[in-house]
């Protein structure tokens, strides 16, 4: 039996829930005020000093209140999306109450979205939306399964005989493949431009730009681009063209990127002009040593439909970028040079803006030719066509990628978590000024002290009882933080734990294995219940084809309290579990739908609510039955009878599952509750007040009623009460009571067993 623990913070949070509690945020949170000032707040009663570090303002001290809550109000702030974090006694801390964070290999920032009176290019608007697919492809170059994100436009699943051009878009240094999606909002920008008739429909591919991260022991010089370029050319591009309906000529391919990604994109594109005719660089530059391109300007200019270069004048790379632009001009290479002075330099505010400028030019020969012609006409006629670049101006000369800048921006890294051959895991944190650092991890109860070396790096070695995926965090002088070196974060509306994935000698069901892979897709639906567009994740199994007549049953999955729509994917690993079960012949092919079950944070931001009762299931049921299910059935190849619908959920999601599933037996014939947050008297009340259907109706309709809970779970006794209530009413059910607590380790076991039974 697996040994399961749970973080005390999670337990105490859940234990304090009562059915009658009117709840808003559990602790102080950052608020955008009506005048676009921003009030930042964080509870840190033991801290000596707390600062706010936001991209729109200099770092400033916060003020401590009597209750140990530090706060400050800044602004008003211009509408945009900004990274920020708290600095608690010198340690960077993500906002515990903000569900949106900056995906990154290193630093961990939260994201704040400040809206304007008019919608911005990147805002989620009520227009037709494309999908954003998370895919795994086999890389012969890297010897493993690589990660990529692929956007398909709104018509892709409907116009199934149509092919589309492709834009390969690469993120910057330390960014992950998620950044152009989560921070750059490339999907929303393009959705909006397409709806306005200002951009062509296209597929966008977001590669992971740092293959060395897969194997930290090996060194990788990104300026040479060896691994990345080989993987892109030989593995990812063939995967995309084999699995998506792409146009595969050079006039239908574009490549670009931000910062390091701009360097990689330009270098790759210029060295492969037989494959790309649209090149975009955002806040970057590349090698001047490509003689086959630069010394044959006439030929090069004929090959390139668009050569677009953008940079902020206050960007620390402006000197390098400007020098490269002047070099191109000196060689007679036609290009567009675009500068900003109001988007704070080397930032994703600039990157989003550059996307909105270049999307309308891509795959439109007439528009790109006109823009290129106008750019050339506006340039001075005295540009020298020599091999020597023009001398940069004084200010740009100070804005360069020097070794000193590299050392400041990207300090010497450490590996954490470090998975050792003996099955142990070493956790590390660089905190030279800290007096005490502890590790909190679901591998064990309580905390473990860490020790500091001469370089200020704290470490501890832990051997788990068995392989699994474990949430963990560091406690630094009383302040809890996620691991800055770990890009894998537990999606949550509250505190952000990191995730340690400990592999065993044999793969587990949740592991990524060499089997046919389905994909996770992000898209949006219009909620009738709250009146705005909301996100939903959809898993489609390997082989799913929107053009096919084959239809699939559907499992609707609901996350727990403070979790998000991503938790079943990034922590629950439902995609890997189903891929492996299907490949083993132990589960039916099915579609899995993961909505964001809590609309209240967005409703509060929009002024539609001030407080909420998390135990109220009425809104969730309305959302599911009136919006989510109809959206899925209108846009996916699914079976629409109750025999082909299942609903399942964990914790608060288990409560919502019972209300929605047992309350609508005409719609769901499979109802599975994992550690559901239901309590003694209300169970009987739900049968008596109509929240749940009558016993005879349930027995006639349900194919499976499943109840599971860990014997150490704080909801175990209430689960037994629920079971007794079912037994007293003669309702047929199935139970699973393993050891362990209120954890996602247990939850993965629950969903694995349930998937074997669904739709059989």
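The numbers here are math on the coordinates, done by the rules we state, and not lab data. What you see is a predicted model; the values in this text were computed from it and never measured. Cβ atoms come from the backbone with ideal geometry, glycine included; neighbour counts cover every protein chain shown.
Extension gain for the segment residue 126 to residue 196, taken as residue separation times 0.36 nm less the Cα-Cα distance, is 24.0 nm to one decimal.
Ranking of 177, 682, 550 by neighbouring Cβ atoms within 10 Å, starting from the fewest: 550, 682, 177. Between the range 418-462 and the range 325-344, the C-alpha centres lie 47 angstrom from each other.
Can you give the percent of C-alpha pairs in the range 623-760 whose distance is more than 28 Å? Display every interim value, and only then the final one.
Numbers: 1306 of 9453 pairs.
So the portion of pairs separated by more than 28 Å is 14 percent.
Annotation: average projected area of the range 326-384 is 4.8 square nanometres, based on the convex hull of Cα atoms across all directions. Centre-to-centre, using Cα atoms only, the range 226-305 and the range 475-496 are separated by 37 Å.
Under 19 Å from the 7 Å Cα→Cβ point of residue 626, by amide nitrogen: which residues of the range 637-672? Answer for the range 637-672: 656-657, 659-668. Less than 14 Å from a label point 7 Å out along the Cα-to-Cβ axis of residue 700: which backbone N atoms in the range 601-627 qualify, by residue? What the label zone holds, given the 14 Å backbone N cut-off, is no residue at all. Based on C-alpha pairs under 8 angstrom that are at least 6 apart in sequence, the range 522-755 has a relative contact order of 19 percent. Length gained on full extension, residue 461 to residue 688: 76.4 nm, using 0.36 nm per residue less the C-alpha separation.
Could you quote the convex hull projected area for the range 131-404, Cα atoms only and averaged over all directions, in nm²? Show your work: numbers first, answer last.
Numbers: hull surface 57.6 nm².
For the range 131-404, averaging the hull's shadow over all directions gives 14.4 nm².
Over the range 131-404, Cα pairs under 8 Å with separation of 6+ residues give a relative contact order of 17 percent. Short-range pairs are left out: with C-alpha atoms under 8 Å and at least six residues apart, the relative contact order of the chain is 11 percent.
Shown here is the pair-distance distribution of the range 522-755: with all Cα-Cα distances grouped in 5 Å bins from zero up to the longest one, the shares run 1, 7, 15, 19, 21, 17, 12, 6, 2, 0 percent. What whole number of Å gives the distance from the Cα centroid of the range 685-731 to the Cα centroid of the range 181-217? That distance is 45 Å.
If you count the DSSP beta bridges with both ends in the chain, what percent of them are antiparallel, to the nearest 5? The partial results should precede the final answer.
Details: 84 of 130 bridges.
Bridges in the chain that DSSP calls antiparallel: roughly 65 percent.
Global size of the range 110-213: 15.2, 50 Å for Rg and Dmax (C-alpha atoms, Rg to one decimal, Dmax whole). A Förster distance of 56 Å, applied to the separation of the beta-carbon atoms of residue 105 and residue 724, puts the FRET efficiency at 0.65.
Compute the FRET efficiency between residue 451 and residue 503 as 1/(1 + (r/R0)^6), taking r as their Cβ-Cβ distance and R0 = 30 Å, and round to the nearest 0.05.
For residue 451 and residue 503, the calculated efficiency is 0.70.
Under the rule of -39500 (n - 2.57) per DSSP H run of 4 or more residues, summed and divided by the residues of the chain, what mean residue ellipticity at 222 nm is obtained, to the nearest 500 deg cm²/dmol? Write down the numbers at each step before the final one.
Values: 23 runs with 193 residues, N = 760.
Dividing the helical sum by the residues of the chain leaves -7000 deg cm²/dmol.
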